[in-house]
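K.L.:
Here it is, the structure in full.
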Amino acid sequence: MSKSAKRTDGKKAADGEQLWLRLSGMVREALYDTVMVTGLACVDEVLEAERAGLCGARYVHQAERQALRAGHVPSSLVLGGRRVAVSRPRVRSVEGRELKLPSWREWSARDPLEARALEQMVLGVSTRRYARSLEPLPAAVAARGTSKSAVSERFVYGTERKLGELLSRDLHGLKLVALMIDGVHFGEHVVLAAVGVDERGHKHALGLREGATENAAAVKALLADLVERGLDTNCSLLIVIDGAKALHKAVAEVFGRRALIQRCREHKKRNVTEALPERLRASVRSAMVQAYASGDAKRARRLLENLARQLEHQHPGAAASLREGLEETLTVMRLELPENLERILSSTNLIENLFSRVREIGRRVKRWQGGTMVLRWTAAGVIEAERGFRKLAGYRALPALVVALRAHDAQLDRTEGKLDTAQDAA
């Protein structure tokens, strides 16, 4: 076959493929239009059938008729993320009362628009582009409820409801072994979040609190809310925090000696290296990583103290940062947990992963209009992140942590019992 014939055959094949794609698109569009129009016609038939059940057949005399036809009224139903115009049949009792048709009562009571708007916004669709994200309707079908203001209003209502649900969760009976607290910044606002891990390794978003800074009052208010909703403070709990002194103070005031406080090692490394010149950061960070990987709390403490002594002459700020709260960066190591579980529980990375989802959802906001808006968006992000929660990596080793916590409880009980006895004797 000649080259010209091959080109001709190739062109015919390409033209045929393009024609098939256009026809497929037309068939698909026609099918969608048919389904939509048929579905709306079915709605009309169901409503008319129910009206006939109440009023009887048309033009047939009934001596004991209980309801009368009262024409139609323009209404709308939710369909595909918007409101679609429907002519609703009306029914009145013989006394003149409006009677609702059963199907209409059910359909109008379930309004998925709020959930749809919330889902679209969380997935990154802006209010301006909401209408474009929906399937197109046939030209004959009138719709509304897709404007920027309508979608924004539904998103506000949806996030308010989600925030209320999150802040009212019942925590009674939740057997936690670890609690992580950290804050995320939005402009001049800080939202504190608490995430718990139960004995089986399941993660739970527990609460949020907005404040200007991570101060002790805001943290204590967050913890007080958790306690009020059922968080048990009578059992020892591993509490992982960053290096903020306010967090430490509030945790100590609420949980007392039942709190085993673990300072986040990642925050500690970051704080120390940021106080150093660029040329020293990698080596100092490597030395800290090796110390924390030693597996022995006494050895790790000795290595870190040696590092602080090496730094204190030329870089006293970095040395002071390393020494501040040093013992509490070794809390998990002293519990002698398996290596993988120790690594996970020695930092707030778990809650940082949650914050990354929150930031991703809130990145489109140009101007935060107050703390309530910040809380609503944070709640939306937290609940979205919860959908992807998996069991804690290393959860099979959690019984070892439970044993360590109960041993700490027993030791405290013995100590407190001796103090009570001594006080009674005095």
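K.L.:
Identify which of the listed values of P(r) over Cα pairs in 10 Å bins from 0, in percent was calculated from the structure shown: (1) 4, 18, 25, 25, 19, 8, 1, 0; (2) 5, 22, 31, 25, 14, 4, 0, 0; (3) 4, 15, 19, 17, 14, 11, 10, 7, 3, 1, 0, 0.
P.N.:
(3)
K.L.:
Okay, next question. Taking the number of other C-beta atoms within 10 Å as the exposure measure, put Trp377, Trp107 in order starting with the fewest.
P.N.:
Ordered from fewest to most neighbouring Cβ atoms within 10 Å, Trp377, Trp107 come out as Trp107, Trp377.
K.L.:
Using modelled amide H (1.01 Å from N, peptide plane; none on Pro or chain starts), what sits under 5 Å from the amide H of Ile239, excluding residues fewer than 5 places away?
P.N.:
Leu179, Leu260, Ile261, Gln262
K.L.:
Also, I was wondering about something else. Quick one: how many lysine pairs does the range 162-416 have with C-alpha atoms less than 25 Å apart and a gap of 8 or more or different chains? Give me the count, please.
P.N.:
23
K.L.:
Pulled fully out, how much extra length does the chain show between Thr415 and Arg58, if you take 0.36 nm times their separation in residues and subtract their Cα-Cα distance?
P.N.:
119.8 nm
K.L.:
Something else now. Taking other Cβ within 10 Å of each residue's Cβ, how do Ile344, Ile241 sort, fewest first?
P.N.:
Result, fewest neighbours first: Ile344, Ile241.
K.L.:
Arrange the following residues from fewest to most other Cβ atoms within 10 Å of their Cβ: Glu416, Glu360.
P.N.:
Glu416, Glu360
K.L.:
Compute the FRET efficiency between Arg359 and Ala41 as 1/(1 + (r/R0)^6), taking r as their Cβ-Cβ distance and R0 = 56 Å, and round to the nearest 0.05. Don't skip to the answer; put the middle values down first.
P.N.:
On the way: r = 47 Å, r/R0 = 0.83.
For Arg359 and Ala41, the calculated efficiency is 0.75.
K.L.:
Charges at C-beta only: +1 for Lys and Arg, -1 for Asp and Glu. How large is the resulting dipole of the chain about its Cα centre, in Debye rounded to 20? Each step should come with its number before you reach the end.
P.N.:
Details: 70 positive and 53 negative charges, 338 e Å.
Roughly 1620 debye for the chain.
K.L.:
Among Lys100, Lys203, Lys175, which one moves the most in a GNM of the chain with springs linking Cα atoms closer than 10 Å?
P.N.:
Lys100
K.L.:
Here's something else I'd like to know. Working from Cα positions, state the angle (0 to 90°, nearest 10) between the long axis of helix 113-122 and the longest principal axis of the chain.
P.N.:
Once rounded, one gets 50 degrees.
K.L.:
Measure out, as a whole number of angstrom, how far apart the alpha-carbon centroids of the range 234-253 and the range 316-369 sit.
P.N.:
After rounding, the separation between the Cα centres reads 13 Å.
K.L.:
Report the full-extension gain for the segment Arg302 to Val94: residue separation times 0.36 nm, less the Cα-Cα distance, to one decimal in nm.
P.N.:
Stretched fully, the Arg302-Val94 segment lengthens by 65.8 nm.
K.L.:
Based on the Cβ-Cβ distance of Leu77 and Ala252, what FRET efficiency does E = 1/(1 + (r/R0)^6) give at R0 = 41 Å, to the nearest 0.05?
P.N.:
Between Leu77 and Ala252 the formula returns 0.15.
Every number here is computed from the coordinates shown, using simple stated rules; none is lab data. Note that the coordinates shown come from a computational prediction; the quantities given were computed from them, not determined experimentally. So basically every Cβ, Gly included, is an ideal-geometry build from the backbone, and we count neighbours across all protein chains shown.
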